[in-house]
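Any read-out appearing in this document is the output of simple, stated calculations on the displayed coordinates, not a laboratory observation. What you see is a predicted model, and the numbers here were worked out from it, not measured in a lab. Because the Cβ atoms are built from the backbone with ideal geometry, glycine has one as well, and the counts that use them run over all protein chains shown.
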Amino acid sequence: MGTVESQVVTASDVQQHPGMNTQSQLTDGFHLVIDALKLNGIDTIFGLPGIPITDLTRMAQAAGMRVISFRHEQNAGNAAAIAGFLTMKPGICLTVSAPGFLNGLTALANATTNCFPMILISGSSEREIVDLQQGDYEEMDQLAVAKPLAKAAFRVLHAGDIGVGIARAIRAAVSGRPGGVYLDLPAKLFAQTMDAELGTKSLIKVVDPAPRQIPAQDAVQRALELLKSARRPLILLGKGAAYAQADADIRVLIERTGIPYLPMSMAKGLLPDTHEQSAAATRSYVLPEADVVMLIGARLNWLLSHGKGKTWGGQDPKAWGGQKFIQVDISPQEADSNVRIDAPVVGDIGSCVSTLLAGIGSNWAKPPAEWLSAIAERKNKNIAKMAETLAKNPVPMNFHSALNVVRDIIKANPDAILVNEGANALDFTRSIVDMYQPRKRLDVGTWGVMGIGMGFAVAAAVVSGQPVIAIEGDSAFGFSGMEVETLCRYDLPVCVVIFNNNGVYRGTDVNPTGGPDVAPTVFVKGARYDKLMEAFGGVGVHATTPAELRKAMEAAIRSRKPTLINAVIDEAAGTESGRITSLNPSARKK
Ligand SMILES: Cc1ncc(C[n+]2csc(CCOP(=O)(O)OP(=O)(O)O)c2C)c(N)n1
Ligand SMILES: [Mg+2]
């Protein structure tokens, strides 16, 4: 239990805690926050110091917590969110009032959207002044602003309530469908003192923060009957399945049923992407052809074309393709959000999968051979076609020849975590680079948000101790690029590879007016991002060929030194919006 060294008790302390023993040891808000976090097994804070939380960061470090300081709160927030995803414990982001809070808020909203458990703890200015809008330093009603973007939001006004506040935040972040939680701690709270013993008693060690949710037996039965009736079954694994850490059971479920499966982006590696039942290489065939689809921790949002339309064999963009769906999800509200779900199975993924497995038994009939061979045939053809493309060695490098290298490096280092953002740099990496282990691919998620790169890379390295490879579009990198200093400061084993094609999507657009400004999507040509890393003592490499890229990546993995490789990619190689060109509204043609 942390205590305040000084025994001085102010009059207002006595007023706030009538009857307090002025001779006793005191504690304060700072120490109670730290003690409450530690009591709940939280040992790392991602944040950025300033009024009123500077001392909190110092005291947390002094109390043995790891405090990782960032250059911008959004990156600290993204770090906290992905730490939550990787560990199933809420990641903590700590920010200063108003502007710092707002900088962290994008990450909080992104965490909520992606179901990552995180807690944004923000200091805030003086309540009395904020609420009367009298113009305080960094004045803002942060709780009100955070509410619509968070799964839950709380404010603590009294030191004696810190234990409850942190317990509520933890439960809200990790129970049920995880999400981002906001915890507002006004400046005055930190300095509030109270009797240390009472303070200790007020803290709560949260028991069973994410209780299992066992699915109903009849729901499981309904799902299994539907699955059994399928002629062309398909399983879709989502990020929720990866989060649940039920890896072994999920693998048994897939292998025992013999059903082909597709991993969503962050579910890649849940089973090795080279698994013979993976249908990833023939996604556009299996989605419209499947008759029964079992979604496990995957939502039918835009990433799956809302379960309808041409992707699913529907006649027009709104038309149902005729599939029947089983949806395994922790949220009872998820079913029917886009199309009819014939068999919802509600519970935590681990409990659902193990209950399904019990019902499947050991002599489940494999899917019809015609379905499996039709998939295998297309898959092998596509893989062979891709191998041909990857083997080409154009000058300058294109996405394929560079990714051929990344693919080999990940194959040789399956423990490494791959962080990935960009448009073409994202889409090509996802489809070309095979993952071999669960939760090794971290990317832009549900929103397709740029800026997660360095925050994710820092947190992945900090919580796993494994090497991290960040494949970054040059635009994407720019959103969090200053954190290369953070990589160097903490000496993290992160190798950033910038796929530098001189711009957003590509570097070839021209200003149609012929004026001096370049086109909005174009950056400085031939920029040397590698020099940014050198500025802070890391290793910078300029790579123009696959051989140079390979050598630099191998050296980075071996040395574990922070490294940034500026990989020069043909500026004409990318396409507008990568693979989601269809979402771009086009101007009406005259
Ligand atoms: C926060 C945010 N701002 C803007 C975008 C729009 N956007 C999508 S991809 C992208 C960058 C693509 O360029 P780059 O990272 O260089 O990848 P490339 O396609 O060139 O490989 C942008 C700006 C976004 N997704 N998120
Ligand atoms: Mg680019």
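Where does the charge balance sit around residue 265 when Lys and Arg score +1, Asp and Glu -1, over other residues with C-beta under 14 Å from its C-beta?
Within the 14 Å Cβ shell, the charges total +4.
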Let's see if you can work this out: charge +1 on each Lys and Arg Cβ, -1 on each Asp and Glu Cβ, no other charges. What is the dipole magnitude of segment 280-381 about its Cα centre, in debye to the nearest 20?
360
FRET efficiency for residue 132 and residue 201 from the Cβ-Cβ distance with R0 = 41 Å, rounded to 0.05, comes out at 0.75
To the nearest 20 debye, what charge dipole does the chain have about its Cα centre, counting +1 at the Cβ of each Lys and Arg and -1 at the Cβ of each Asp and Glu?
2040
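Using 1/(1 + (r/R0)^6) with R0 = 30 angstrom and r between the beta carbons of residue 320 and residue 482, what's the FRET efficiency to the nearest 0.05?
Numbers: r = 47 Å, r/R0 = 1.57.
Step by step, r from the Cβ atoms, then E = 0.05.
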Points 7 angstrom from Cα along the Cβ direction at residue 25 and residue 333: gap in nanometres?
4.5
Could you work out the helix-only [θ] at 222 nm for the chain, with each DSSP H run of four or more residues adding -39,500 (n - 2.57) and the total divided by the number of residues, to the nearest 500 deg cm²/dmol?
-11500 deg cm²/dmol
Lys and Arg at +1, Asp and Glu at -1: add these up for the other residues within a Cβ distance under 10 Å of residue 112 and post the number.
+2
Can you find, among 285, 315, 274, the residue sitting farthest towards the positive end of the charge dipole of segment 270-315, where Lys and Arg contribute +1 and Asp and Glu -1 at Cβ?
315
Going toward the positive end of the dipole of the chain, with +1 on Lys and Arg Cβ and -1 on Asp and Glu Cβ, which of 180, 216, 295 do you reach last?
295
Around residue 385, under 14 Å between beta carbons, what's the net of Lys plus Arg minus Asp minus Glu among the other residues?
+2
Could you list, in their original order, any pairs among 147/205; 308/411; 89/318; 147/324; 89/379; 268/310 whose Cα atoms are separated by more than 27 Å?
308/411; 89/318; 147/324; 89/379
Let's see if you can work this out: charge +1 on each Lys and Arg Cβ, -1 on each Asp and Glu Cβ, no other charges. What is the dipole magnitude of segment 111-223 about its Cα centre, in debye to the nearest 20?
760
Leading residue at positive end of dipole, segment 457-590 (Cβ point charges), from 584, 494, 505
584
5 angstrom amide H check on residue 543, placed H, neighbours 5+ away
566, 567, 568
Extension length gain for residue 164 and residue 531 (0.36 nm per residue less Cα distance), in nm, is 127.3 nm
Tensor-based shape of the chain (alpha-carbon gyration tensor, a/c under 1.5 rounded, otherwise prolate or oblate)
oblate
Which percentage, to the nearest 5, of the DSSP beta bridges contained in the chain is antiparallel?
10
Relative contact order %, segment 270-342, counting alpha carbon pairs below 8 Å whose residues are six or more apart
29
Could you please state, rounded to a whole Å, how far the C-alpha centre of segment 228-263 is from the C-alpha centre of segment 289-337?
15
FRET efficiency for residue 362 and residue 283 from the Cβ-Cβ distance with R0 = 35 Å, rounded to 0.05, comes out at 0.70
